[in-house]
Every structure is written in C-alpha cells, then in structure tokens.
Amino acid sequence: MDEVFVIGEPETLVAPAVSDWRRFLKILFQRKLVVVGTFVLVCLVLVAIFAPLIAPYDPVKIDMGHTLQSSSGTHLLGTDNLGRDVFSRLVYGSRTALIVGLGTVAFSAVIGIILGILAGFLGGWINAVIMRIMDALMGFPMMVLALLLAAVMGAGMKNIIIALGIATLPGYTRLMCAATLSVRENEYILAQRAIGAKSLRTMVRHVLPNAIQPMIVLITTMLGNIVLAEAGLSFLGIGVNPSTTAAWGSMAVGGFRFLGEHPLLSFAPCIAIAVVVFAFNMLGDGLRDALDPRLRGKL
Amino acid sequence: MVTYVIRRFVIGILVLVLVSLIVFFSLRLLPGDPALIYVASQVGGTGVTQEKLDEIRVEFGLDKPVPVQYLNWVKGVISGDLGKSVKNNKPVTALLGERFQPTLVIGLVSLVLSTVLGIFFGLVAAIRRGSWIDTLVTLLSYVGIVVPAFMLAFVLLYLFGLKLNWLPMVGWTPPWEDFGMSVKQSIMPVIVLATVPLAITARQMRSSVLEVNNMDFIRTAWSKGLRERVIVFRHISKNSLIPVITLMGIGVGLIFGGAVIEETIFSIPGMGRLMVSSIFDRDYVVIQSMTMIIAAIIVFANIVVDISYGWLDPRIRYG
C-alpha cells in the first residue's frame, strides 16, 4: 500500500479511464498463485475441448486382456480393473467436471440472483417467503440435500446439475439479497423512483450491475466446491454413469478396492480434483482482491 | 432478549415445517414401490399376491393419500413415534438409537477438535504473520479446503492402514466397551471429518485476528506497556472470536454432511451410512425422520450461536 504515497509516479497521476481494466488485471495477477491457478484453468478448458486429440484411447472402452497394468509407454498411467486407460479417462473426466461445474453454477447463480434481487429490493412478504425457503434449504447439510435430490431424480448428469444447483442456491440468494439491500440505499435508486421508473427496470438496469460484483467471487469459488461435491456424489454411487462417462469421482471410488497394489488408480483422479479446486479457489481470491481490495481476507 | 429468543425459536420451527414439507413430498417422487421392497426383504419377493401387497400398504399407511400420510407422520413425530422402517421392520426410534451414537461421538470429537485447534492455529498464524508458522497454517488450510474428503481418507488408509499397519482400516467400537480399540478406530475418521471445519475455522480466525490487530485499542494496549500475553489473550482473541463462533453453526452441518462419506469409507454404522443405505432402499420413513433430526440439530445449533453473540459481545443488542 506504500506506493500510493510515492510522488512522481506518472502511472498513478495520469489515470485515463482505460486503465481501470489494466489496473484490474495488474492486481489480479499480482500474486503468483493466482497466475498458476489461472494457467491451470486455461489448461483444463483446453484439455476438455481437445480431449479426443489428447487422449490416446477411448475412455470407456473395456479391454479385459489388459487389466490393472502399471504405468508404461503404452499406458501412461496404467489401466483400471476393466482395462480402461487411466490417462484417457482423466482427460475426458475434465469434460465432466467442467460441464457439471459450469452447468450447476449457471443454474443456481441465475436463480439465486433473481430471487436475491426480488427479496432485497421488494422486501416485505416476498423477502420473508424467499428467505424462509432458503433457511429451510440450509437446514440440510449440502451433501445430504444433494444426495436426497439426486436420489429422487435419479442418476445422470442433468439431474446431478439440478440437485447440486438447488443445494447451493441459498448462498447466492442470500449474498445477492444483502448486496441489493446495500445498493438500494443509494441516491440514484431514489432518483429512479422519483422519475417514476418501474421497479423491474430499476432492478435490471441499476441494482443488478451494482450488486453483481461479490457474486463473481462467489461463483468462482463455488465452481471449485461443485467439482468437490460432484466427486462426493459419484463416490456414494449417485453420479454420472461410470460406464458411459468418465468422471474423476467415480474413478477414485472404482480404484479404492485396489488401493494396496495400484494406488495410482485412486490417487490420480483425486490429485486432478484437488488441483482444479485449488485453481478455482486461487482465481476466486485474486478476483476478490482485484474487484474490492477492502474485502481481502474475508468471504 | 427474551422476545428475541422466542422469535428465533418460532422462525426455527417454521423452518423445520418447511424442511419437513420439502423432504416428505420430494421423497414421494422417488421411483420404486416401498411395499415391493418390503416384500423383497422379508419374504424373498417371489409369488406375492396383490392382497398381500395391499395388506402391507395398509400396515405402513401407504394406502392413504399423500397429504394424509404427511399429517399422520407429523402427528407421530410430535408424540415421539417416528414410524417403522420398511426395510427391516424395526421402529425408526430404535434404529436411530443404535445409529446415532457413533455419529454423535465421532462428530462431537471432530467439532470440538476442529474449533479449538482452528482457533489456536489461526491465532498463532496471525500473530506471527509472515513467519513459517503462518505459511504452514495458510498452506494447510488451503489443503483442507481443496482436497476431497475421500482423498484424505485414501491417503490415511494407504499410509497408516496398508503400509505402516498402525491403525485398523475400518469398523467401530463404542468407547465404553474397549476404549483403546475405539480410539484407534476413530483416529482416521475424526481426522477426515475435522479437516474441513478446521481449515475454515483457522482461516477465519486468522483474518479476524489480523483485523482486530489494527484496532486503536490494541495500539493503546501496547503503548501502555501491557505484556504480549495479556494483549493476545485478553484483548485480541476475545474480540476476534465472534465471526469464528458463527462457523460452529456451519460446522455442525459440515460434520453431518461429511459423516455421509466418512462413515461409508470406514464402515461405521452411524447415521450417515444409514442415510445412504435408506436412500438406496427407498426406506421413506427412515430418510425423512433422519433428515428431520439432522435439520432440527442444525437449526437449533444456529439459534444457540446467534444467542451466544450477545453473551460474548455485549455491544450486540437484539431488536
């Protein structure tokens, strides 16, 4: 923070409007771990997109002639108990992780933002109803609620996304409601009302853009949590179908029985999960600092 | 204060009613007929007549409309009768009595351990900011947050169970039957369960202490020549604890959520495993009773947390 007081720094004295974006990126990538995290995530996206080009084998093709092989030139990380290439499964698993993560966050963030704005801006009984429902959802541990919903709807990627989405909804709604409450006190909202603007217009054009900042941080961190939770559901046997889709969580469980002789079967997907979750957390921290330095160390 | 407590309890009960509605009606959407599952588990499932099925439906109240089933269930819960498990024909209260104890013992130990250690580590890290202890605590709290619980369990099982052979891999013994064995069997489950709340508590405590450290009254305390010990324990830690106490409410939820995975891995006959098996067995009565009990504990814990604020910090007034 000392630089603020240095006189004669042309960059800080001449501050054109364009530098906002540059300043944002500068603070964002100040910490090396944020750079590492962003790099990991860029790699993850690339691997997911180009999975068929990177993976040497079909991730779900069973080859009973070559089961439980150790790492070698032909099978980089060996094969599992059904002869499936572990490296190829890891590569394709990145797709599952990304689709479930992005899908869940899109689902719950959109609904949470809408409910949060409505509750915060309109107040009264709407606020009471929305918030009591969120309280009820928070009465369950997230894992128990997701497990319950996934069991009700059955396995499959779409249902996992909805289950995890509902289970994580209260976080978004409450944060958005709190942000809306503080934005609502600003004079420009009062001015909107004075010129007779409709509530809906005020909410969409003025409250939303001013209250969305803390959501960006939450969304980034949540992406990591979703990857963890999806793995947890797969672990309990309520995940995407392991015979048609490669997922890190179910890979880890599948390898559990062979922990003694083939620890890599379980540890390789676990490490992939941990690295990706770490990367999302790092990017979330970086974004928080860059968007609002006052929040450093909180949230 | 009294009005605040009453209001919190009223809202708490309202929340529990909503929870019961969500659980009850979402469970009715589960595929699979519980009467058929009961038959399969009791008689073997073959050659069952329609009359027998109807009889079973009447016995478990499954023949009535869903809203009536709901009201009957609520009536039962209030009078202490949670119904009967369709899967093994035992009263749910008896089943829960058996299964509650391992979850309670391991959960309580994990909660206390994670809170005490989390506060301690967070405090030390913040006071020695920038030192190797700070780096270590920050690093470990990140590991606790990003590593999946089952991975931690795999690593522990691989190291201490398979390679070093120090600890039993699975199982559960009540502490009053064989204390030594119980401790041995509980070490790994407690570590797995406590890690996430520990990491979160340590992180929160660290940032909370750093914030209090910048306050004017801490500078005053230093300038009037108080010893470091007095400043740390009397002034800094007391004022840093409030945001950390909030986490205990979240911690209770984390412990119950974590128990689902932890008990599955370590084969502990607790509520988490019962939950998973009842979901696969479509054992409605067990699932809804257990979810209600867990929800009630979490809601109650959060009320206690909210009330304890005022006791810890007299500046907070309840409106």
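Of note:
- The mean count of C-beta atoms from other chains within 10 Å of the C-beta of residues in B:10-20, rounded to a whole number, is 4.
- Between A:ILE49 and B:PHE300, the FRET efficiency from the beta-carbon distance, with R0 = 51 Å, is close to 0.60.
- Magnitude of the charge dipole for chain B, about its Cα centre and with charges confined to Cβ atoms of Lys, Arg (+1) and Asp, Glu (-1), is about 1300 debye.
- Each of the peptides A:130-142, B:236-248, B:156-168 was scored by the mean count of other Cβ atoms within 10 Å over its residues; in descending order, highest first, they stand as A:130-142, B:236-248, B:156-168.
- Within-14-Å neighbourhood charge of B:PRO189 [Cβ basis; K, R +1; D, E -1]: 0
- 3J(HN,Hα) couplings calculated from phi for region B:214-224 with the Karplus curve 6.51 cos²θ - 1.76 cosθ + 1.60 (θ = phi - 60°) are, in sequence order, 8, 6, 4, 5, 6, 4, 4, 4, 5, 6, 8 Hz; Gly and Pro show x.
- With respect to chain B, whose longest principal axis is taken over its alpha-carbon atoms, helix B:132-146 is tilted by about 20°.
- Between helix B:92-127 and chain B there is an angle of about 20 degrees, using the helix long axis and the longest principal axis of the Cα atoms.
- Label-zone membership for region B:271-296, site B:ALA94, 7 angstrom Cα→C-beta point, backbone N under 17 Å: B:285-286
- Ranking B:ILE106, A:ILE273, B:PHE9 by Cα position along the charge dipole of the protein assembly as shown, where only Lys, Arg, Asp and Glu carry charges on their C-beta atoms, puts B:PHE9 farthest toward the positive end.
- Taking the C-alpha atoms only, the angle from helix B:179-213 to the longest principal axis of chain B is near 50 degrees.
- Rounded, prolate or oblate (a/c below 1.5 giving rounded, otherwise prolate when a/b exceeds b/c) for region A:247-288 by Cα gyration tensor: prolate
- Here the protein assembly as shown is described by how far its Cα atoms reach on the three principal axes: 91, 69, 58 Å, from widest to narrowest.
- Local charge for B:ILE127 was computed over the other residues whose Cβ lies under 10 Å away, with Lys and Arg +1 and Asp and Glu -1, and equals +1.
- B:GLN50-B:LEU21 FRET efficiency (beta carbon distance; Förster radius 22 Å; 0.05 resolution): 0.10
- For region A:155-230 versus region B:109-164, the gap between their alpha-carbon centres in whole angstrom: 32 Å
- Sequence-separation-based contact order of region B:92-312, relative, with Cα cut under 8 Å and 6+ spacing, percent: 29 percent
- Derived from the Cα gyration tensor, the three semi-axes of the equivalent ellipsoid of region B:92-312 are 36, 22, 14 Å, largest first.
- Charge sum, other residues only, whose C-beta stays under 12 Å from B:ILE242's C-beta, Lys/Arg counted +1 and Asp/Glu -1: -1
- Dividing the summed -39500 (n - 2.57) terms of all DSSP H runs of n ≥ 4 by the residue count of the protein assembly as shown sets its mean residue ellipticity at 222 nm at -23500 deg cm²/dmol.
- Set against the 2.2 N^0.38 Å expectation for a compact globular protein, region B:135-265 has a Cα radius of gyration ratio of 1.37.
- Residue by residue along A:264-275, Cβ atoms of other protein chains within 10 Å of the local Cβ number 3 on average.
- Peptide A:222-230 has a mean shielding of 2, counted as Cβ atoms of other protein chains within 10 Å of each residue's Cβ.
- Per-pair calculated FRET efficiency, R0 = 30 Å: A:GLU185 and B:ARG129 via Cβ, rounded to 0.05: 0.30
- Eligible lysines near B:LYS87 by straight Cα distance, threshold 26 Å, same-chain separation 8 or greater: B:LYS52, B:LYS64, B:LYS75
- Taking the Cα centre of the protein assembly as shown as origin and assigning +1 to Lys and Arg Cβ atoms and -1 to Asp and Glu Cβ atoms, the resulting dipole is close to 1400 debye.
- Close amide H pairs (under 5 Å, H built 1.01 Å from N) link B:LYS84 with B:VAL92, residues at least 5 positions away or on another chain.
Read-outs throughout are calculated quantities, based only on the coordinates presented, and are distinct from any laboratory measurement. In this text the structure is predicted, and so the values were computed from the model without any measurement. Note: ideal-geometry Cβ built from the backbone for every residue, glycine included; neighbour counts use all protein chains shown.
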